[in-house]
Each structure stands twice: as C-alpha cells, then as structure tokens.
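Engineer: There's a structure below that I have some questions on.
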Amino acid sequence: MALLSRPLTPSHCILRRNVHKYTTAIHVVSPHPHWLLPNPPVLLRFRRPVSFPPHIPRSSLTSATAPLLQDAGATAAVLAGAYSLVLTFDTLNHRNLIHQSLSRKLVHILSGLLFAACWPIFSTSTQARYFASVVPLVNCLRLIVHGFSLVTDEGLIKSVTREGNPQELLRGPLYYVLILIFCALAFWRESPTGVISLAMMCGGDGVADIIGRRFGSMKLPYNQHKSWAGSMSMFICGFLISIGMLYYYSALGYFQLDWTWTFQRVALVALVATVVESLPITEIVDDNITVPLVSMVVSMLSFGY
Ligand SMILES: C/C(=C\COP(=O)(O)O)CCC[C@H](C)CCC[C@H](C)CCCC(C)C
Ligand SMILES: Nc1ccn([C@@H]2O[C@H](COP(=O)(O)OP(=O)(O)O)[C@@H](O)[C@H]2O)c(=O)n1
C-alpha cells in the first residue's frame with residue numbers, strides 16, 4: 001500500500017508500486033521542485049535490495065537530517081540575499097545612480113517581500129519558521145549594533161536612513177525587522193495574514209512614500225503631511241501586491257482560496273491599512289508598526305486565521 005499521508009494534488013504524478021519495508025525512495029514527478037511544495041511529496045518506496053544495516057534504516061537518518069540541512073542552507077542563502085540587497089543599493093547610492101530616499105524605500109519594499117517570497121524554500125518541518133526568523137533577527141541585531149554606533153557601516157546607514165543618522169536605525173528599520181520576525185513565527189506559510197501584512201507594510205507603505213513625495217501635491221484634509229496620491233497608491237499597490245503574494249502561495253499549494261471572496265477581504269484590509277497610515281499619528285507610533293498590526297487584525301477577522 002502506498003504511503004500516502006495527504007490527498008494527492010493534480011500536480012503530483014505518483015508512480016504506484018508495491019511497497020517493501022527496506023526500499024529506496026523514488027522521485028515524485030511534479031511540475032514544481034519538490035522542496036518548494038507545501039508537504040513533502042509522498043515518496044513512495046519501491047522493492048529494491050538495499051545495503052544499509054537493518055538496525056538503523058538509512059531512510060530514518062535521512063528523514064531526520066534532510067530538513068535540518070535544507071533549513072540551514074535556506075537560512076544562509078536568505079542571509080546572503082539580505083546582505084547583498086543592502087550592499088547593492090549602497091553601491092547604487094555611492095555612485096549617485098539612485099537618490100538616498102529612493103534607495104531606502106526600495107530596500108523597504110524589497111526586503112520584506114523577498115523575505116516572504118523565500119519562505120517556501122525552507123523545509124516543511126516545524127523548526128523551519130524558526131530558521132527563517134533567524135534572518136530578520138540577525139538584521140535586528142545588526143541594526144541595534146549600528147544604531148548605537150558600536151560598529152559603523154556607512155553603507156547600511158546610507159541605504160536605510162533618511163538623514164544618515166545611525167540612531168534612525170533604531171526606529172523605522174528596527175520596527176520593520178521585528179514585524180518580519182513576528183510574521184514568520186506567528187503566521188508563516190499557514191495563514192494569509194502574514195503575507196498580507198507584509199505586503200501592506202512593505203509594498204503599500206513603501207509605494208505611498210515614493211508616489212506621495214513625487215505626485216502628492218493634493219494633501220489630505222486631516223493630514224498635511226500625507227496626500228491623496230500617496231494614499232491611493234498605497235491602497236492600489238498594497239492590494240495588488242497582497243493578491244500577488246496570495247496567488248504565489250496558492251500556486252505552490254499552501255492556500256486554497258475562493259478568489260472572489262479573497263479579493264473583497266484583501267480590499268478591506270488594504271482600505272483600513274491605508275486609512276490608518278494616512279492618520280497624523282506617525283509622530284506617536286511609527287507606521288511600520290501601525291500598518292502591519294492593523295492589517296493583521298483585519299486580515300485575521302476576515303480570513304479567520
Ligand atoms: C529601510 C527599511 C525600513 C525603513 O522603514 P521606513 O523608516 O522607511 O518606514 C528596511 C530595513 C531592511 C533591513 C536593513 C534588512 C532586512 C532584510 C530582511 C530581514 C531579509 C531580506 C532577505 C531577501 C532575500 C532580500
Ligand atoms: N499616504 C502618504 C504617505 C506618504 N506620503 C509622502 O511620503 C513622505 C514619507 O511618508 P512617511 O512619513 O509615511 O514615510 P515613512 O514613515 O513610511 O518612511 C511623506 O512626507 C509624504 O511626502 C504621502 O504623500 N502620502
């Protein structure tokens with residue numbers, strides 16, 4: 001009898017054979033690389049003489065260490081990606097190919113979205129989310145160390161701060177990475193709330209700044225520091241990026257969504273987050289806290305998880 005732990009999805013094409021207790025795993029034929037799929041594709045075992053000692057079945061060792069190796073490798077790769085992203089924008093900044101404010105915003109937009117997009121490369125084990133959260137945690141420590149000027153990294157400061165003051169790292173950027181840690185641990189790949197909240201904080205809020213600074217001549221009646229252009233761009237881009245992230249995760253099999261229903265809920269999340277972001281409360285609470293938190297609340301109420 002095949003070892004089917006989960007109903008097979010159409011994308012799986014599973015060869016069925018008799019199963020023997022000492023066998024070698026065989027590949028699952030699927031259009032997606034198996035390490036990207038939400039559950040380990042059912043590895044069927046086929047009758048074939050194997051040589052490993054009966055007292056320690058090789059498959060049990062492999063099944064124990066493979067996820068750890070996968071998660072460690074994924075963590076290293078995403079850490080390298082994070083460092084490379086900041087280094088890239090520092091280089092563009094240094095060569096005057098990009099303005100510092102635009103550089104910071106693009107780092108703001110890309111960091112969290114690329115981080116969430118990397119979650120599927122981690123294993124399906126319970127420790128995967130903890131490995132993934134190491135990446136924002138390391139960057140959190142990096143921001144703290146540089147924010148208190150214990151170490152100086154001009155590239156990081158230029159790419160991530162407004163005026164080049166290291167202490168700025170201890171506000172918006174620090175709250176940002178703390179939210180990344182929270183979303184990875186609390187929601188991971190199991191709830192749309194995490195990816196939607198990151199899409200609103202990174203994509204929506206980031207684009208609002210870029211569009212608002214450039215085209216924001218018509219200010220909001222209740223907040224002269226924010227504009228209609230900025231808020232409308234936050235709503236539209238936050239909605240589209242959220243839908244894009246949900247489609248990405250549903251295409252990999254993590255979510256099964258009724259898209260008409262989902263569009264309505266994501267639009268509600270984007271609207272509420274945009275209104276909160278437009279309020280004149282940034283001096284009191286950073287919008288890297290208010291935008292994701294309100295997105296989480298509305299998303300959890302809308303999606304139920
Ligand atoms: C510039 C940032 C926040 C400032 O927000 P605001 O004040 O403009 O509202 C973002 C800071 C990003 C941080 C330095 C690096 C975070 C990297 C992330 C955890 C992992 C990215 C991995 C991916 C593969 C690039
Ligand atoms: N809804 C918005 C958001 C930002 N903006 C523009 O973007 C600038 C930075 O916005 P912000 O203070 O929210 O910046 P962050 O806190 O997101 O870094 C504002 O001073 C506005 O010029 C806007 O016009 N409308």
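The values are calculated or read from the model by the stated rules, or taken from the named source; none is laboratory data. Keep in mind it's a predicted model, so treat the numbers as computed, not measured. Heads up: the accessible areas ignore ligands, DNA and RNA and are worked out on the full protein's heavy atoms, side chains in. Shrake-Rupley method; radii C 1.70, N 1.55, O 1.52, S 1.80 Å.
Engineer: Over all distinct alpha-carbon pairs, what is the Kirkwood Rh of segment 80-207 in angstrom?
Structural biologist: Numbers: mean 1/r = 0.0673 Å⁻¹.
Kirkwood radius, segment 80-207: 14.8 Å.
Engineer: I would also like to ask the following. Which value results for Rg/Rh of segment 202-273 when Rg is the Cα radius of gyration and Rh the Kirkwood radius based on the inverse mean 1/r? Could you put the intermediate results ahead of the total?
Structural biologist: Working: Rg = 14.2 Å, Rh = 13.0 Å.
Taking Rh as the inverse mean 1/r over Cα pairs, Rg/Rh reads 1.09.
Engineer: Could you work out, for segment 148-305, what percent of all Cα-Cα pairs fall into each 5 Å distance bin, beginning at 0 Å and stopping at the bin that holds the largest distance?
Structural biologist: Taking all Cα pairs of segment 148-305, the binned fractions are 1, 10, 17, 20, 18, 14, 10, 6, 2, 0, 0 percent.
Engineer: Right, another one. Per-residue accessible area for Leu137 at 1.4 Å probe radius, Å² rounded to 10?
Structural biologist: Accessible surface of Leu137 is approximately 80 Å².
Engineer: Once ligands and nucleic acids are excluded and a 1.4 Å probe is used, how much of Ile236 is accessible, expressed in Å² to the nearest 10?
Structural biologist: Here the residue's solvent-accessible area equals roughly 90 Å².
Engineer: Considering only protein heavy atoms, with the full assembly of protein chains and a 1.4 angstrom probe, order Thr126, Thr290 by accessible area, largest first. Intermediate values should be presented prior to the final figure.
Structural biologist: Working: Thr126 120, Thr290 25 Å².
Descending accessible area places them as Thr126, Thr290.
Engineer: Something else about it: Distance between the C-alpha centers of segment 116-186 and segment 80-98? Whole Å please.
Structural biologist: First find each Cα centre; the distance between them is then 16 Å.
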